[in-house]
Amino acid sequence: MPALVSDVLEGSIAEELEISKGDIILSIDGEKMQDMIDYKFLCKNELITLEIQKTDGEIEEIELEKDFDEDLGIVFESAVFDKVKPCLNNCIFCFVAQQPKGLRDTLYVKDDDYRLSYLQGTYITTTNLTDKDKERISKLHLGPFYISVHTTNPELRVKMLKNPNAAKIMENLRWFADNEIPFHVQIVLCPGYNDGQELERTLKDLSTLGECLLSVAIVPVGVTQFRSDELKTVDKKVAEETLKISSKYDKVCCSDEFFLLCDKDIPSGDYYGNFSQLDDGVGSLRTIMDDFDSLDIPEKIDAPLTICFACSVAAESAFEYIAKGLNKTENLTVKVQPVKSTYWGKNITVAGLITSEDLINAIKDVEADYVIVPSIMLKPYTNLFLDGNSLDYVKEKTAKNIVVFEDNYSVGEVLDLL
């Protein structure tokens, strides 16, 4: 895929140069680019020359002066301009394999690309990491990376990932550590496979990797109703055992679901360190509640107002906490409406997998001046849900005044509505 422009930021250099959506950046200073890593490196200059292919096919060459670190303001269709390194595994818990047909095309792409891990925080397994990749990582001293480990038991990892290269995980992790390349680790906990004693072994092995290991996130396996084989979900007993084992090791945090399954309070911010794996649900509820606690909530608003948080099932307790606080404001009524996933099944409880139809079913009978949804329900830079329907479609079907919080559920945005 080429360096295709998908958007241009307002007031940017790119807007001034009349670069537009659909243009292709062919080179910078005569250098072809394979990804955003090259792009960012080549832009670090005060004088650069852009070679651009316009939407009509015309080739333009533009010389420009700028500050050394000044961004051009170009948003690309993809962070990779050649070919995304595909995932060569067939993991027993692969979410892509649990999806039905008819969703957005991008949801069926299985990538395992170290560049996307560095640039966007996606997880890699290292099973397709080549010597050439390592050479580039070391030369540019890239990092941090996000690595899906799951288990350090070579035989078990081969069984779980169904790839013989999966056995080399500790070898690869030691390479990162030896080359002072920082990384975060993810463990998708699959009961009967990598929990219990196997989890203990994995955490012991990881604890030998030194300062380059930044954090370890343990998350429960997601099982949809579209699975054709049996895979156990994390229950209260497994969750309690996992919390007990993980508490013995530094840098290890369990996702919020483990605490909810055990009927435990969400830990304080100290437990999560620097919240380095928020996108994995590790500390997201704590950040929501702490954000709310930092707000200066008015004692009264001028006119009666009712708002409703349409949230995931997993986040319901956090928003009940927020609603309780906001309902102390005179003339303000705050409701919480969890959105159950009839599409994926009851075991899927996160906001990022909510479809338009499930949202419609949840809010159609809600009486509120505003219904608030997090931006994570929508595809980035669009108003599309997982099932391809738009936010306008939901508004039309529900006749609701829906507000999208751009920073997912940064509750401070509520004050703009009061």
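Summary of values
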quantity: Among the candidates Glu60, Glu51, residue that is over 23 Å from Arg115 (Cβ atoms) and either in a strand (DSSP E or B) or hydroxyl-bearing (Ser, Thr, Tyr) (or both); calculated: Glu60
quantity: Some residue of segment 49-57 being assigned by TED's automatic domain parsing to the domain that holds Gly11, under 18 Å from Thr122 (Cβ atoms) and either in contact (Cβ under 8 Å) with a residue 60 or more places away in the chain or of a type outside the set (Gly, Ala, Ser) (or both); calculated: no
quantity: Selection count, segment 195-231, where residues are farther than 15 Å from Lys244 by Cβ, part of a loop (DSSP other than H, G, I, E, B) and at pLDDT 90 or above; calculated: 4
quantity: Hits in segment 151-162 - residues which are touching a residue at least 40 places away in the same chain (Cβ under 8 Å) and either within 23 Å of the chain's Cα centre (by Cα) or surrounded by 18 or more Cβ atoms within 10 Å (Cβ to Cβ) (or both); calculated: Thr151, Thr152, Asn153, Leu156, Met160, Leu161
quantity: Residues (of a type in the set (Gly, Ala, Ser) and either part of a helix (DSSP H, G or I) or surrounded by 21 or more Cβ atoms within 10 Å (Cβ to Cβ) (or both)) located in segment 342-392; calculated: Ala351, Gly352, Ser356, Ala362, Ser375
quantity: Any hit, segment 211-224, residues being charged (D, E, K, R), surrounded by 14 or more Cβ atoms within 10 Å (Cβ to Cβ) and in the same structural domain as Phe145 (by TED's automatic domain parsing); calculated: no
quantity: Subset tally (residues that are without any contact (Cβ under 8 Å) to a residue 40 or more places away in the chain and buried (at least 17 other Cβ atoms within 10 Å of the Cβ)) for segment 324-334; calculated: 1
quantity: Given (1) crowded, with 18+ Cβ neighbours inside 10 Å; (2) β-branched (Val, Ile, Thr); (3) over 27 Å from the mean Cα position of the chain (by Cα); (4) at pLDDT below 95, number of the condition Ile52 does not satisfy; calculated: (4)
quantity: Test: residue in segment 267-288 that is assigned to a helix (DSSP H, G or I) and small (Gly, Ala, Ser); calculated: yes
quantity: Answer from Phe176, Phe145 - the residue that is surrounded by 21 or more Cβ atoms within 10 Å (Cβ to Cβ), at pLDDT 95 or above and closer than 30 Å to Ile354 by Cβ; calculated: Phe145
quantity: Filter result (among the acidic types (Asp, Glu) and farther than 19 Å from Val149 by Cα) within segment 203-247; calculated: Asp229, Glu230, Asp235, Glu240, Glu241
quantity: Any hit, segment 361-372, residues being touching a residue at least 40 places away in the same chain (Cβ under 8 Å) and among the polar types (S, T, N, Q); calculated: no
quantity: Counted residues, segment 83-93 - those being exposed (fewer than 15 other Cβ atoms within 10 Å of the Cβ) and not basic (Lys, Arg); calculated: 2
quantity: Checklist (1) at positive phi; (2) loosely packed, with under 14 Cβ neighbours inside 10 Å applied to Lys251, failing item; calculated: (2)
quantity: Any hit, segment 321-334, residues being in contact with a strand residue (DSSP E or B) (Cβ under 7 Å, 6 or more places away or on another chain), under 17 Å from Asp256 (Cα atoms), at pLDDT below 95 and not charged (D, E, K, R); calculated: no
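The values are calculated or read from the model by the stated rules, or taken from the named source; none is laboratory data. Keep in mind the model is a prediction, meaning the values are calculated, not measured. Counting neighbours? That spans all protein chains shown, and the Cβs are built from the backbone with ideal geometry, glycine included.
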